[in-house]
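**Student:** Have a look at the structure that comes next, please.
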Amino acid sequence: MRNSKFLQEFKAFAVKGNAVDMAVGVIIGGAFGKIVTSIVEDLIMPPIGWLIGGANFSELKVTLPATEVAGQVMSPATINYGNFLQTLLNFIIITFCVFLMVKMMMRLSKSKEDEASVAPEPSNEEKLLAEIRDLMKERKQ
């Protein structure tokens, strides 16, 4: 009995519009992130690398000296700043795109609010009734 109440609460939560909308947003956001990553890695970074002398950003790194542990030379550690630069550029582009989308959505919602707040023009019948009312008020005075 207790288990079915839990399942009913979960079903109510999962079927609510907000949870479904959020799930759709996460899925679309993940796909959008992959597209932006491809744009950065495949379209933007190669020309930038070519402009600065043919550097491949994913290969840019600083190699630290190798260390010896228990008589064995360990492979040197690397600081991969090229990958960091690509990830940073991905972040900037995604953030900019999200900013533009939010700005556009805010503009659309504001225009809908403005349309809703404007009182509709009274119909011809309403205008005539208002004139009749005003004329009757004048006659009583």
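**Student:** Over the range 91-141, consider all pairs of different Cα atoms and compute the Kirkwood hydrodynamic radius from their mean reciprocal separation; express it in Å, one decimal.
**Tutor:** Result for the range 91-141, one decimal place: 15.1 Å.
**Student:** Above 22 angstrom, tally the Cα pairs of the chain and express them as a % of all pairs, no decimals.
**Tutor:** When every Cα pair of the chain is considered, 72 percent fall beyond 22 Å.
**Student:** Which of the GluC sites (Glu not before Pro) found in the range 65-141 are loop residues per DSSP with 11 or fewer other Cβ atoms within 10 Å of their Cβ?
**Tutor:** Of the GluC sites (Glu not before Pro), not one in the loops of the range 65-141 has a Cβ with at most 11 other Cβ atoms within 10 Å.
**Student:** Now, a different point. Under 27 Å between C-alpha atoms is the cut-off here; go through the chain and count lysine pairs that meet it, provided they're at least eight residues apart or on different chains.
**Tutor:** 10
**Student:** Ok, one more. Return the FRET efficiency for the residue pair Phe91, Val69: r is the Cβ-Cβ distance, R0 is 35 Å, and the value is rounded to the nearest 0.05.
**Tutor:** For Phe91 and Val69, the calculated efficiency is 0.45.
**Student:** Please give the contour-minus-distance gain from Val26 to Ser123: 0.36 nm per residue of separation, less the Cα-Cα distance, rounded to one decimal in nm.
**Tutor:** 30.2 nm
**Student:** Once Lys and Arg get +1 and Asp and Glu get -1 on their Cβ, which of Phe13, Ile94, Gly54 lies farthest toward the positive end of the dipole of the chain?
**Tutor:** So the residue furthest toward the plus end is Phe13.
**Student:** For the range 68-120, compute Rg over Rh where Rg is the Cα radius of gyration and Rh is the Kirkwood radius from the inverse mean 1/r over Cα pairs.
**Tutor:** 1.61
**Student:** With every protein chain kept in place and ligands, DNA and RNA left out, what is the accessible area per residue of the range 6-111? Probe 1.4 Å, answer in Å².
**Tutor:** Per residue, the range 6-111 has 79 Å² of solvent-accessible surface.
The values are calculated or read from the model by the stated rules, or taken from the named source; none is laboratory data. Small disclaimer: the values here were computed from a predicted structure and weren't measured. Backbone-built Cβ (ideal geometry, glycine too); neighbour counts: all protein chains shown. The accessibility values were calculated without ligands, DNA or RNA, using every heavy atom of the protein model including side chains. Shrake-Rupley method; radii C 1.70, N 1.55, O 1.52, S 1.80 Å.
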